Amino acid sequence: MADEQSNTEREIRELYRDFASQPLPDPPESDEELVALLRARLRAQERDAEDECLPRIPDEPPV
Amino acid sequence: MDGNHTAEHDEKFTRDEKFTRFVISVRPGLRRSAYLLCGDWHEADDLVQNTLLAVLRHWDRLRWPEVAFGYARTTMYRIFVSDRRHARWRLESVRAEVPDRPAGGSGETNIADRELLLAALRELPPRQRAALTLRYFEDLDVARTAEILECEPSTIRSQTTRALATMRLVMSKYR
């Protein structure tokens, strides 16, 4: 059982090593495009968070 | 990751430039790990994007690059486990049987090995897959793996043992 486990462990490490040595496919966007996208997403999230802090406007003016 | 940066060298760069350089240096490694977790390049790229967004949100508080890299890796594994738990994704079962093939792949043996690895990984529950990837791909010890996955070391040991047993079974089935 312990032997079986260490054999599997060794085999998995080898498979991982093989995977790590293979080239990656191109990402959907360049690094610069990704950074621009991340900044836009962060700005949008911050804007949404600010909007949530605004006081709710009542439907009718207080009497 | 590029580990040749020095403090003097970093002084030359603005906050924004440092983040861009950080993305350039860590993205390939994160994509590779994310693919092992997700088994699909589209899912993997989404996971990396969400991870880097979390890093950007805390960028001012992260010392670059060692802390930022550790933070990014921890964040990615936690987002993966949390998303899978909450959405109860079972994408593996509905996706095509043949996993995505990286562009420019080499010989048939390597492709077969990768397919075997991915097929076996797909059989694991998300936490076991994450534990196995951290232990044997990222080469982290049990204590660090437990810290990243926010559980006890004993849990990591038992999850790893169960994951290895499943992998053994699946790999023998595919051979």
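The values are calculated or read from the model by the stated rules, or taken from the named source; none is laboratory data. On a predicted model such as this, the values are computed, not experimentally measured, just so you know. Glycine also receives a Cβ, built like all others from the backbone with ideal geometry; neighbour counts cover every protein chain displayed.
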Complete set of residues in region B:39-80 that are of a type in the set (D, E, K, R), over 30 Å from residue B:115 (Cα atoms) and either crowded, with 18+ Cβ neighbours inside 10 Å or within 14 Å of chain A (Cβ to nearest Cβ) (or both):
B:57, B:60
Show the residue pairs that are 6+ apart or on different chains and have beta-carbon atoms under 8 Å apart, the first residue being within region A:28-47 and closer than 23 Å to residue B:41 by Cα, the second being of a type in the set (Asp, Glu) and outside any helix (DSSP H, G or I).
A:37/A:29
Could you count how many residues in region B:77-126 are modelled with pLDDT under 50 and β-branched (Val, Ile, Thr)?
2
Among the residues of region B:118-175, how many are in a helix (DSSP H, G or I), over 19 Å from residue B:85 (Cβ atoms) and either in the same structural domain as residue B:31 (by TED's automatic domain parsing) or under 15 Å from the mean Cα position of the chain (by Cα) (or both)?
5
Pull out all pairs, ordered by first then second residue, where Cβ-Cβ is under 6 Å, the residues are six or more apart or on different chains, the first lies in region B:146-175 and is in contact (Cβ under 8 Å) with a residue 12 or more places away in the chain, and the second is among the charged types (D, E, K, R) and not in a helix (DSSP H, G or I).
B:166/B:123; B:170/B:123
Being over 15 Å from residue B:75 (Cα atoms) and out of contact with any helix residue (DSSP H, G or I) (no Cβ under 8 Å at 6 or more places or on another chain) is true for just one of B:164, B:124, B:132, B:169. Which residue is that?
B:169
Tally of residues being within 8 Å of chain B (Cβ to nearest Cβ) and of a type in the set (Asp, Glu) across region A:15-49
4
